[in-house]
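Before any comments, here is the structure.
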Amino acid sequence: MISNTLPLSLIDNPILSQWIAFEQPGRVRVGSGKVEIGQGILTALTQIAAEELDVRPEQINLVSGQTDISPAEGFTSGSYSIAVGGASIRLVCAEVRSLFLDQVAEELRCPVSELSIEDGRFLRAGKETGRDYWSMAGEITLDRRASGTAPVKRPSTYRIVGKHLPRLDLPAKVAGAGFIHDIATENLMHARVLRQPWRGANLAALDESAVRRAAGTPIEIIREGEFVAFTSGSELAVMRASEAARALAQWQGGAQPPADVGSPAWLKRQASRDKTTDTGKPGRAPAGRMVEASYSRPFLTYGSIGTSCALAEFKDGALKAWSHSQGPAVLREWLARALGLPSAQVNVFHRQGAGAYGHNTADDAAFDASFIAMRHPGRTVRVQWSREDEFAAAPISTAMAIKLSATLDKDNKPADWKIEIWSPPHAQRPGMNGNSNLLGAAALPNAPPLNPLGDVPDERGGGATRNAVAIYDLPRHRLIHHLLPEVPMRTSSLRGLGAWANVFAIESFIDELADIAGEDPVNYRLSLLTDPRARRVVETAARLSGWFEQRKLPEGRARGFGFARYKNIASFAAVVVEVEVDEDISLKKIWCAADAGLVIAPDGARNQLEGGIIQGASFVMREQVRFEDGRVANQTWDDYPILRFSDIPEIEIELIDNPNEPTLGLGEASVGPTGAAIGNALARALGRRIRDLPLTRERIMATLLSE
Amino acid sequence: MTEKYGFAVNGRPVSVECDGTAPLLSVLREYLGLRGSKFGCGTEQCGACMVLIDGKPEYSCSREVSTVAGRDVTTVEGLAKDGGLHPLQQALLDEQAGQCGYCLSGILVSAAALLEKNPKPSRAEIIAALDPHLCRCGIHNRVIRAVQKAGAALAETAR
Ligand code: FES
Ligand code: FES
């Protein structure tokens, strides 16, 4: 059932008028603090609102991430957007609909059951009443608390939700428009900022006259503390200036990461805060065969195809910033604090950027533009990052080491299970741990010292511990989390946080146990799964791929399986991958089955699952941020390859229809299972398992040669 | 050194006065207000900036404007003819081939050049033509289907 308990967004923004207004005849303004980051959220939220209000989707004007009028909903992350943001909009619209219907019924002295709504017009027994939302809006105040108790529609009656509605933002995008990068105002001031190459670095020397020469036309240089910016009316001039400055700047001091940073050995050497969580049968561990394996993942970057961009204007003491931030309301708060402005004087307007797959540099760019705008009141300042700075200074998704061990009973099933994780936090977004986490702010003189770092709390899905607890029926389970808070980099959230590495480890280990048991990996999984939804997803993926009918594959080819329920509470996804291995992995075909409960936008859901599959494959096959001389060594896409057209096979997806279950977040669900399935397929093809990511050609060659 | 450079963009003659070493992408976006082509890397590695020069896909992020003097440049804005969508744009919408969409401008022009030569490309031929383009969101398969569909639509209208 779709429950009526208040979602978090509605608790935080309890007044109906914070969400909805009937200002223009025929149009409904619906506010959302959740923002479009390429996942199609605006379209899905529009569907929900139109459905509950009985208006056409085109009548909804969804205003998202505009801090003066949209509800404040934290970050658009963790696959919460539809589950929480969408649920709030559903309740608000249902309540507004009933308030209006009650009023119409009273005026017409008829029971509500005689009334219906068509495109926002109220009908009585199918006939026009001459009333609609807009003509009645003056009579009903929406400045009241949402009760969350109005009846919502039954999924079986849906006409818009769960049906295909083309993405609202795509028409502009196929014409090359619609991005924050494309906003052009008269008299723009372009700016670029020189980035510190590591935390706390001090600028020892910068040959400013060489920088000015490189710019070609006159530029202005702002220097405050370690914050250095170049401004000009010409974008080309500041691009050239910052490129030259990056090469010329000499830095000293600060915390330079060592070359082996992120390796399992480095991780295990760091100071840690430890937490052990035991569940299941108490008492002594059972006796039996012990199996143990260690896995690791490296540092990764989010790598959007577009670099971050922001605009800002400071006029009459008020700051406006345009940003593709994932959390406009949070950004507003922390911009205000970092710039010493009252937050009422700051407004953030969300505009679309390139895809965000986690904490990126959008907020940093917004700070850059805002800070510079305050030095140039009245001008609109535009900042766009370089690709090199994106690699060098973006928040980084942290390396992790994961050790699994199990004691097997006489049927080779785990009687005891232990997972031990070493990881820096996955959480340094603006405001986390009370830090602004804005790069530019940290470069200013008198920047406040960093508060000690924590990870995303387990109640909110955890960071390193996300999906650490295997979903299988395990009689005894121990989780040991070594949080490494003294990491010298801004480690933060990338799609799935710790989840996909944990799923890679767990699903690899399950395959290792199945091998010991001499059982088929899918059957072995099923023997440890009682949850019917989980079983159905595993069985569906097996059927879709013809897992049990597999003929003998040619030499060098193999299939692997991976399964997880994201965060153990969101969507279920099982993935089968067929690979061919000859020095490198080539993906031949991928199948995926998923259960996301009630699906609002079916095509959008498939698009997200497929995107997650491709990104998950890219993470485990190619990606690694490396450090040299204390700084990020990857400077271009050549040094940080991601999967490309020629690497990507056909993908078949089956979305299990489950409309009576609540909507589950699915943006991150397929990432972990895909990586795990690739690891398992590779192990089968090679006859040897590689447990350290990425599964590159060099590693495969080394494994083959070490035989 | 600023100088005057004349060339055609989307069939219209233009003339800009600028430094001849300025990248074509900067000239398109800053001087000509054509912001469809995108900046992604500046180093010919992602394809976001792809344009056609005399009908051939070329990176505009590193291409010096002086080298296109007298030539024909086509950007994503030039694909749609007579106010309608180019069949490729329509096919991308039909296939919902987009997540963030940042990669699409470049992909569109490369695909248009491919279909110009080969209206019935195989999956492998499409992949070869689009391999210079990176997409981080993972819409590759949808794009491939859209290119095939658009090819079929073009062949239909040509008959
Ligand atoms: S911007 Fe030209 S290839 Fe990336
Ligand atoms: S759709 Fe986002 S990069 Fe391609």
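The values are calculated or read from the model by the stated rules, or taken from the named source; none is laboratory data. These figures come from a predicted structure and were not determined experimentally. Cβ coordinates were reconstructed from backbone atoms using ideal geometry, including for glycine residues, and neighbour counts include every protein chain displayed. The area values use the complete protein model at the heavy-atom level, side chains included, leaving out ligands, DNA and RNA. Shrake-Rupley method; radii C 1.70, N 1.55, O 1.52, S 1.80 Å.
Each residue in region B:90-100 was checked for being at the interface with chain A (Cβ under 7 Å from one of its Cβ atoms) and in a loop (DSSP other than H, G, I, E, B), and 4 of them qualify.
Only one of the numbered conditions (1) surrounded by fewer than 22 Cβ atoms within 10 Å (Cβ to Cβ); (2) modelled with pLDDT of 95 or more is not met by A:GLU459, and that is (2).
Looking only at residues of region A:44-61 that are free of Cβ contacts under 8 Å to residues at least 40 places away in the same chain and open to solvent by 20 Å² or more (accessible area, probe 1.4 Å), we find that the one that is nearest to A:ALA150 (Cα to Cα) is A:ASN61.
The set of residues in region A:433-452 that are among the aliphatic types (A, V, I, L, M) and at pLDDT 95 or above comprises A:LEU438, A:LEU439, A:ALA441, A:ALA442, A:ALA443, A:LEU444. Considering the conditions (1) open to solvent by 10 Å² or more (accessible area, probe 1.4 Å); (2) within 16 Å of ligand 1 (Cβ to nearest atom); (3) touching a Pro at 6+ places or on another chain (Cβ under 6 Å), B:SER110 is excluded by exactly one of them, (1). Is it the case that region A:200-221 has a residue that's within 28 Å of the chain's Cα centre (by Cα), more than 14 Å from chain B (Cβ to nearest Cβ) and open to solvent by 20 Å² or more (accessible area, probe 1.4 Å)? Yes, region A:200-221 contains at least one residue that is within 28 Å of the chain's Cα centre (by Cα), more than 14 Å from chain B (Cβ to nearest Cβ) and open to solvent by 20 Å² or more (accessible area, probe 1.4 Å). Kindly list, by first and then second residue, each pair from a residue in region A:600-622 that is more than 9 Å from every other protein chain (Cβ to nearest Cβ) and within 25 Å of A:LEU682 (Cα to Cα) to a residue that is at pLDDT below 95 and open to solvent by 10 Å² or more (accessible area, probe 1.4 Å), limited to pairs with Cβ atoms under 7 Å and residues at least 6 apart or on different chains. From residues that are more than 9 Å from every other protein chain (Cβ to nearest Cβ) and within 25 Å of A:LEU682 (Cα to Cα), the pairs are A:LEU609/A:LEU666.
If you check B:PRO132, B:PRO119 for being of a type outside the set (Gly, Ala, Ser), part of a loop (DSSP other than H, G, I, E, B) and more than 10 Å from chain A (Cβ to nearest Cβ), only one passes: B:PRO119.
Screening A:GLY454 with (1) surrounded by fewer than 19 Cβ atoms within 10 Å (Cβ to Cβ); (2) assigned by TED's automatic domain parsing to the domain that holds A:ALA406; (3) not basic (Lys, Arg); (4) not in a helix (DSSP H, G or I) gives one miss only, at (2).
All of (1) surrounded by 21 or more Cβ atoms within 10 Å (Cβ to Cβ); (2) without any contact (Cβ under 8 Å) to a residue 60 or more places away in the chain; (3) away from every other protein chain (no Cβ under 14 Å) hold for A:ALA310 with one exception: (2). Restricting region A:636-690 to residues that are among the β-branched types (Val, Ile, Thr) and under 19 Å from A:PHE563 (Cα atoms) leaves a set whose member that is farthest from the chain's Cα centre (by Cα) is A:ILE690. Residues of region A:254-296 that are among the hydroxyl-bearing types (Ser, Thr, Tyr) and either touching a strand residue (DSSP E or B) at 6+ places or on another chain (Cβ under 7 Å) or open to solvent by 50 Å² or more (accessible area, probe 1.4 Å) (or both): A:SER272, A:THR276, A:THR277, A:THR279, A:SER294, A:TYR295, A:SER296. Taken together, the residues in region B:1-41 that are facing chain A (nearest Cβ under 8 Å), within 15 Å of the chain's Cα centre (by Cα) and touching a residue at least 40 places away in the same chain (Cβ under 8 Å) amount to 4. Collect the residues in region A:298-328 that are farther than 30 Å from A:LEU643 by Cβ, touching an Asp or Glu at 6+ places or on another chain (Cβ under 9 Å) and aliphatic (A, V, I, L, M), keeping them in residue-number order. Result: A:ALA312, A:LEU319, A:ALA321.
Here is a yes/no grid of residues against (1) within 8 Å of chain A (Cβ to nearest Cβ); (2) within 16 Å of ligand 1 (Cβ to nearest atom); (3) touching a helix residue (DSSP H, G or I) at 6+ places or on another chain (Cβ under 9 Å); (4) among the polar types (S, T, N, Q):
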{"site": "B:TYR102", "(1), (2), (3), (4)": "yes, yes, yes, no"}
{"site": "B:GLY106", "(1), (2), (3), (4)": "no, yes, yes, no"}
{"site": "B:LEU114", "(1), (2), (3), (4)": "no, no, yes, no"}
{"site": "B:ARG136", "(1), (2), (3), (4)": "yes, yes, yes, no"}
{"site": "B:ARG142", "(1), (2), (3), (4)": "yes, no, yes, no"}
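Report yes if some residue within region B:79-89 is closer than 21 Å to A:GLU235 by Cα and either out of contact with any Gly (no Cβ under 8 Å at 6 or more places or on another chain) or at the interface with chain A (Cβ under 10 Å from one of its Cβ atoms) (or both); otherwise report no. No, the conditions are met nowhere in region B:79-89. Among the residues of region B:30-50, the ones that are within 6 Å of ligand 1 (Cβ to nearest atom) and not polar (S, T, N, Q) come to 9 in all.
Screening A:ARG476 with (1) farther than 30 Å from A:ARG631 by Cβ; (2) open to solvent by less than 10 Å² (accessible area, probe 1.4 Å) gives one miss only, at (2). Remark: pairs (first residue in region B:47-60, away from chain A (no Cβ under 14 Å); second residue within 11 Å of ligand 1 (Cβ to nearest atom) and assigned to a loop (DSSP other than H, G, I, E, B); Cβ separation under 9 Å; 6+ apart in sequence or on different chains) = B:ILE53/B:SER60; B:ILE53/B:ARG63. Beta carbons closer than 8 Å, at least 6 apart along the sequence or on distinct chains, never pair a first residue in region A:627-654 that is farther than 18 Å from A:ALA677 by Cα with a second that is among the small types (Gly, Ala, Ser) and part of a strand (DSSP E or B). Going through (1) within 30 Å of B:GLU95 (Cα to Cα); (2) at pLDDT 95 or above one by one, A:LYS163 falls short only on (2). In the set (1) in the same structural domain as A:HIS324 (by TED's automatic domain parsing); (2) without any contact (Cβ under 8 Å) to a residue 40 or more places away in the chain; (3) open to solvent by 40 Å² or more (accessible area, probe 1.4 Å); (4) closer than 30 Å to B:SER105 by Cα, the condition left unmet by A:GLU243 is number (2).
Considering B:LYS149, B:LYS117, the condition of being under 16 Å from the mean Cα position of the chain (by Cα) and basic (Lys, Arg) is satisfied by B:LYS117 alone. Just wondering, is there one or more residues in region A:384-397 that are in a strand (DSSP E or B), buried (at least 19 other Cβ atoms within 10 Å of the Cβ) and more than 14 Å from chain B (Cβ to nearest Cβ)? There is at least one residue in region A:384-397 that is in a strand (DSSP E or B), buried (at least 19 other Cβ atoms within 10 Å of the Cβ) and more than 14 Å from chain B (Cβ to nearest Cβ).
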